[in-house]
Amino acid sequence: MDSRLVGCGTALVTPFVPGGAVDERALRGLVDWQIDEGIDFLVPCGSTGEAATMSVDEHVRVVEITAQQAKERVPVVAGAGSNDTVKAIELSRRVREVGATHLLHVSPMYSKPPQRGIVAHFTAIADAVDLPIILYNVPSRTGGNIDASTTRELSRHPRIVGIKEASGNLAQVTDCMSARNASFTVLSGDDELTLPILALGGDGLISVISNATPRLMTQLVRAGREGRFDEARAVHEQLLPWMRAAFVESNPLPVKAALAMLGKCENVLRSPLVPLADGRYDLVRDALRAAGALQ
């Protein structure tokens, strides 16, 4: 399987049953549906997947189920991030053993290391684990940014093959694409900014909203990557109400509600996350209808 990651990947939710256990049956169904709808790769155990509130054994099991169900049809990019470099390496090794094809590593949260500490963290992981790594820059969650110069420096490591850029800073995303290694991919980490990032030369997206609208989001990314921007813009406009409704409260509250409306999983989250506020459900429902995902 090619280590270079392009196209549209879904940052999978983790379905839970009432009471909080992982809903393995719903997860397997979600994986099959995503692949049937044409998604290019799957990303379990990121922030959308509520990895922060799963035990290590649960985390590894979710990756294992995803890989088992994917059956090598698409890459499985397992979230394995930690602000503890040793823990990040250990988790990376465990998810590799159960079938992950790539790793997604968020910049160290809470600790707020300087840029040289970020370089040291990712380099240590890449040196220790024989899997391609996607960096994940999401300052709104981690409290720290991966500077474009740091991304370019890390892109020279043979196992660091891309970045999910969710800084919301288009100038920084453009700088990440400047003078990068030719095989290094820049993926949008923000659904609504995907179209401009593709126009700037981006390689794809790790999407939240594709949990509920995988076919359309994949269509948008493919059209943009192939230079068919009139088509990409039309799909973007169709999905825009859902792109915005999906973040009306903290992710994954709205997308879990949406998947429950579609009958894909229960609307169950782990504390401190709580279900979507009562007044928001109509907004999500109307946005899904506008996208054609719900009758």
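The values are calculated or read from the model by the stated rules, or taken from the named source; none is laboratory data. Quantities reported herein were computed from a predicted structural model and do not represent experimental measurements. Cβ atoms come from the backbone with ideal geometry, glycine included; neighbour counts cover every protein chain shown.
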Handout entry: Selection from segment 63-78 of residues that are free of Cβ contacts under 8 Å to residues at least 40 places away in the same chain and crowded, with 24+ Cβ neighbours inside 10 Å
Key = VAL63, VAL76, ALA78
Problem - Members of segment 249-271 found to be outside any helix (DSSP H, G or I) and touching a residue at least 40 places away in the same chain (Cβ under 8 Å), listed by number - result: ASN251, PRO252, LEU262, LYS264, CYS265, GLU266, VAL268, LEU269, ARG270, SER271
Handout entry: Test: SER140 is within 30 Å of GLU226 (Cβ to Cβ), at pLDDT below 95 and surrounded by fewer than 24 Cβ atoms within 10 Å (Cβ to Cβ)
Key = no
Practice task
Might you let me know whether segment 149-156 holds any residue that is touching a residue at least 60 places away in the same chain (Cβ under 8 Å) and outside any strand (DSSP E or B)?
Solution key: no
Practice task
Keeping to segment 177-193, report how many residues are at pLDDT 95 or above and either among the hydrophobic types (A, V, I, L, M, F, W, C) or assigned to a helix (DSSP H, G or I) (or both).
Solution key: 6
Problem - Matching residues in segment 250-268 - criterion: being surrounded by fewer than 18 Cβ atoms within 10 Å (Cβ to Cβ) and among the charged types (D, E, K, R) - result: GLU266
Practice task
Identify all residues within segment 1-40 that are buried (at least 24 other Cβ atoms within 10 Å of the Cβ), out of contact with any Asp or Glu (no Cβ under 7 Å at 6 or more places or on another chain) and farther than 24 Å from SER271 by Cα; write none if there are none.
Solution key: LEU5, VAL31, GLN34, ILE39
Problem - Complete set of residues in segment 66-78 that are in contact with a Phe, Trp or Tyr (Cβ under 9 Å, 6 or more places away or on another chain) and assigned to a loop (DSSP other than H, G, I, E, B) - result: VAL74, PRO75
Exercise for the section: Among the residues of segment 12-36, write down those that are touching a strand residue (DSSP E or B) at 6+ places or on another chain (Cβ under 9 Å) and among the charged types (D, E, K, R). Expected result: ASP23
Problem - Hits in segment 199-248 - residues which are closer than 22 Å to PHE184 by Cα, under 17 Å from the mean Cα position of the chain (by Cα), assigned to a helix (DSSP H, G or I) and free of Cβ contacts under 8 Å to residues at least 60 places away in the same chain - result: none
Fill in the blank from the handout: Among the residues of segment 232-249, the number that are over 22 Å from SER140 (Cα atoms), surrounded by fewer than 17 Cβ atoms within 10 Å (Cβ to Cβ) and among the aliphatic types (A, V, I, L, M) is 1
Completion exercise
When segment 79-106 is checked residue by residue, the ones that are assigned to a loop (DSSP other than H, G, I, E, B) and closer than 18 Å to THR53 by Cα are ALA80, GLY81, SER82, ASN83, ASP84
Fill in the blank from the handout: Expected output for segment 32-47 (first residue among the charged types (D, E, K, R), partner part of a loop (DSSP other than H, G, I, E, B), Cβ below 9 Å, 6+ apart or cross-chain) is GLU37/THR213; ASP40/LEU5; ASP40/VAL6; ASP40/VAL74; ASP40/PRO75
Exercise for the section: Working carefully through the options VAL248, VAL235, find the one that is farther than 30 Å from THR53 by Cα and among the hydrophobic types (A, V, I, L, M, F, W, C). Expected result: VAL235
Completion exercise
Of VAL31, VAL13, the only residue that is in a loop (DSSP other than H, G, I, E, B), modelled with pLDDT of 95 or more and touching a Pro at 6+ places or on another chain (Cβ under 9 Å) is VAL13
Exercise for the section: Go through the residues of segment 119-130 one by one and say whether even a single one is outside any helix (DSSP H, G or I) and either crowded, with 21+ Cβ neighbours inside 10 Å or among the β-branched types (Val, Ile, Thr) (or both). Expected result: yes
Exercise for the section: Show the residue pairs that are 6+ apart or on different chains and have beta-carbon atoms under 8 Å apart, the first residue being within segment 278-295 and polar (S, T, N, Q), the second being in a helix (DSSP H, G or I). Expected result: GLN295/ARG289
